[in-house]
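Written below as structure tokens is the structure these notes are about.
The values are calculated or read from the model by the stated rules, or taken from the named source; none is laboratory data. Bear in mind that the values here come from a model prediction, so they are computed numbers and not experimental data. Ideal geometry is used to build each Cβ from the backbone, glycine not excepted, and the neighbour counts take in all protein chains shown. With ligands, DNA and RNA removed, areas are computed over all heavy atoms of the protein, side chains included. Shrake-Rupley method; radii C 1.70, N 1.55, O 1.52, S 1.80 Å.
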Amino acid sequence: MQPTAIQAGRDELRAANRANRGLFAFVFVFSLFVNLLMLTGPLYMLQVYDRVLGSRSGETLLALSLLVVFLYGMMGILDYVRGRVMARAGARFQSRLDRRVFDAVLSVSARQPGGSLAAQAGLRDLEAVQRMFSTPALLALFDIPWTPLFLAVIFVFHPWLGILAVAGGSLLIVITALNQWATARPVGAANRATAEAERTANQLRDEAAQVQSMGMQDAAFLRWQTARDRSLGGTIAASDRGGAFTSMTKTLRLILQSAMLGLGALLVLRGEITAGAMIAGSIMLGRALAPIEAAVGQWQAVQAAMRGWKRLAQLLGSTPQPQPRTELPKPRAILEARQLTVLPPGEKQATLRMIAFRLEPGQALGVIGPSGAGKTTLARAITGLWRPSAGTLRLDGAGLDQYAPAALGRYIGYLPQQVSLFDGTIAENIARLDPEPDAAAIVAAAKKAAVHDMIVALPDGYDTTVAASGGRLSGGQVQRLGLARAMYGDPVILVLDEPNANLDNEGSEALNAAIRALKAEGRAAIIMAHRPSAIRECDLVLVLDGGARRDFGPRDEVLKRTVQNFADVRRGIAAPATGAGG
């Protein structure tokens with residue numbers, strides 16, 4: 001990815017974070033008072049040792065103790081409030097980016113089957129950054145600026161105590177930097193291995209029926225276990241290194257506090273400081289080092305947030321934020337390709353080159369050709385999933401990029417080769433998960449796809465719950481539900497990619513009837529097909545071969561020029577379909 005694209009993603013994340021500047025200002029002010037109130041303990045010990053014990057005054061001890069309780073109570077309240085403010089800052093950051101990241105994940109995943117690593121983890125990365133806002137590690141950033149205050153007070157007690165505190169703090173900072181350097185590589189390897197194991201598990205889960213029916217359980221388990229073992233090994237290695245630095249930091253802090261007491265005791269014996277200063281210095285050192293120790297202890301969360309920020313920048317940079325578009329009126333069913341060339345995302349060679357055709361209202365276009373000819377690429381380009389790398393695709397004279405994705409989805413219905421349902425009811429699936437669906441439009445789309453009778457025969461009819469895998473439904477029934485979903489909302493153009501691959505004779509006839517009705521209403525259809533029966537209602541045929549246009553024109557004329565057994569194919573077009581059972 002270009003550095004400028006990544007920088008654009010970072011700028012977008014920083015812009016979302018800048019919305020929290022007011023909240024951060026409150027946290028900064030609260031942190032000031034919290035850290036000032038942290039001086040309560042050392043000053044209390046200083047007064048007890050140097051004043052109360054010397055004067056043996058119970059009244060003074062009581063007054064000091066009541067004051068300490070009040071000050072600690074205020075500190076606790078302020079600390080609690082700043083934690084709540086930071087949690088809300090994280091929630092605001094996530095809410096501002098939820099839709100943006102969601103759309104970017106869908107866009108990248110649609111352009112690249114399987115998606116990129118950033119797309120796969122996009123929403124999880126956003127949550128990782130959001131959780132970082134409420135961790136002690138981020139609050140430690142607001143406390144670290146006050147560390148010099150505690151060190152200055154220690155220097156007031158005695159220069160040697162201050163030197164020891166500065167040396168110990170510097171050593172902890174060095175250990176923190178070494179922690180980041182030493183754990184970055186194993187943590188990254190562990191995360192990649194974990195992602196691979198998750199992908200393997202998800203793929204095997206999605207193909208569970210095939211795995212079981214073909215006796216692949218043992219081989220599938222070994223494949224998953226291999227990925228799982230790599231993930232587990234990487235996680236343990238990263239945990240070992242991180243744990244070593246955490247233990248080292250904790251041990252060093254204890255040694256420093258004991259060394260502070262030991263040095264303070266020596267100075268007391270020499271009469272250079274009081275016993276109260278010795279105890280107060282030890283407490284101040286612990287407070288000065290606390291933010292550093294918190295950062296080291298929360299380092300895994302810090303690294304997760306840093307990785308999430310980096311991947312989010314890559315994801316957002318690869319999918320620029322769409323600019324507001326002027327809403328165009330509902331287009332006519334006029335689709336024109338001019339020297340269309342499509343380079344699939346991540347590929348170096350175009351799968352469609354210099355394609356040209358024009359489709360008018362009331363027409364149906366059949367796109368035929370061998371496997372790999374570019375039919376699916378054309379379908380993805382027409383539906384806006386893949387952008388042309390050269391040439392144009394125009395709908396009623398306007399380039400497809402002039403339509404917002406949601407609007408283009410309403411105007412161009414799409415039935416992919418592999419139809420997937422969503423967890424929900426049949427009505428919700430047909431209505432494209434619309435939160436306020438039009439019941440009449442749902443039933444109308446189902447009737448056009450000849451699936452209404454099958455739906456009402458189910459125990460709960462349109463309210464029958466289905467799973468993403470289809471569940472009790474056959475492949476043909478799922479295909480027809482996908483066809484009904486493509487027809488929902490009366491799109492002006494219907495794009496069907498191998499629509500009758502799983503349809504029986506009834507389904508194929510229903511498909512042809514739907515295309516006839518579509519044409520009669522002044523709409524248009526594009527059918528990518530292998531079987532002659534699929535192009536029975538087509539007026540035009542586009543022949544693709546190796547990504548290039550081999551022929552285009554009226555159906556029978558094109559078939560006569562390009563197909564050797566034209567008479568047989570002509571009879572196959574005229575004869576009723578006899579597809580597989582649904």
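Go through Gln321, Gln298 for me and flag whichever is open to solvent by 70 Å² or more (accessible area, probe 1.4 Å) and of a type in the set (S, T, N, Q). Just one listed residue meets the conditions, Gln321.
Among the residues of the range 504-523, those identified as within 22 Å of Leu359 (Cα to Cα) and either of a type in the set (Val, Ile, Thr) or not in a helix (DSSP H, G or I) (or both) are Ile515, Glu521, Gly522, Arg523. Checked against (1) of a type outside the set (Ser, Thr, Tyr); (2) modelled with pLDDT of 75 or more; (3) loosely packed, with under 15 Cβ neighbours inside 10 Å; (4) assigned to a helix (DSSP H, G or I), Gly271 passes all but condition (4). Checking each residue in the range 146-197 for being in contact with a helix residue (DSSP H, G or I) (Cβ under 7 Å, 6 or more places away or on another chain) and among the small types (Gly, Ala, Ser) picks out Gly162, Ala165, Gly168, Gly169, Ala182, Ala189, Ala190, Ala193, Ala195, Ala197.
For the range 413-503, list the helices (runs of 4 or more DSSP H) that sit wholly inside it and hold at least 2 residues that are under 26 Å from Ile368 (Cβ atoms) and of a type in the set (Asp, Glu); which are they? Walk me through how you get there before you give the answer.
On the way: elements: 426-430, 439-448, 452-456, 475-487.
The helices (runs of 4 or more DSSP H) meeting that bar number zero.
State the number of residues belonging to the range 105-135 that are under 28 Å from Gln298 (Cβ atoms) and either part of a helix (DSSP H, G or I) or at pLDDT below 75 (or both).
The number of residues fulfilling the criteria is 17.
Looking at the structure I just gave you, is Leu261 assigned to a helix (DSSP H, G or I), under 25 Å from Ile175 (Cα atoms), at pLDDT below 85 and among the hydrophobic types (A, V, I, L, M, F, W, C)?
No: the conditions fail for Leu261.
Being touching a Leu at 6+ places or on another chain (Cβ under 9 Å) and farther than 21 Å from Ala137 by Cβ is a property that holds for Val48.
Among residues of the range 200-212 that are under 23 Å from Ser474 (Cβ atoms) and modelled with pLDDT of 70 or more, those with a beta-carbon under 7 Å from a residue that is part of a helix (DSSP H, G or I) and of a type in the set (A, V, I, L, M) at least six positions away or on a different chain give the pairs Leu204/Val211; Leu204/Ala220. When Phe30 is tested against (1) within 26 Å of Phe150 (Cα to Cα); (2) open to solvent by 80 Å² or more (accessible area, probe 1.4 Å), just one condition goes unmet, and that condition is (2).
When the range 324-371 is filtered for residues that are under 33 Å from the mean Cα position of the chain (by Cα), open to solvent by less than 70 Å² (accessible area, probe 1.4 Å), at pLDDT below 90 and within 30 Å of Asp556 (Cβ to Cβ), only Thr351 remains. On the stretch given as the range 418-431, residues that are open to solvent by 70 Å² or more (accessible area, probe 1.4 Å) and at pLDDT 90 or above total 1.
No other residue among Ala182, Ala201, Ala177, Ala152 is within 21 Å of Ile273 (Cα to Cα) and outside any loop (DSSP other than H, G, I, E, B) apart from Ala152. Is it the case that Arg124 is among the charged types (D, E, K, R), surrounded by 15 or more Cβ atoms within 10 Å (Cβ to Cβ) and in contact (Cβ under 8 Å) with a residue 40 or more places away in the chain? Criteria not met by Arg124. When the criteria are applied in full, Gly391 fails the requirement of being part of a loop (DSSP other than H, G, I, E, B), open to solvent by 20 Å² or more (accessible area, probe 1.4 Å) and either out of contact with any Gly (no Cβ under 8 Å at 6 or more places or on another chain) or over 20 Å from Pro320 (Cβ atoms) (or both). Looking at Ala529, Ala534, Ala517, just one residue is surrounded by fewer than 21 Cβ atoms within 10 Å (Cβ to Cβ), within 16 Å of Leu415 (Cβ to Cβ) and in contact (Cβ under 8 Å) with a residue 24 or more places away in the chain, and that residue is Ala517.
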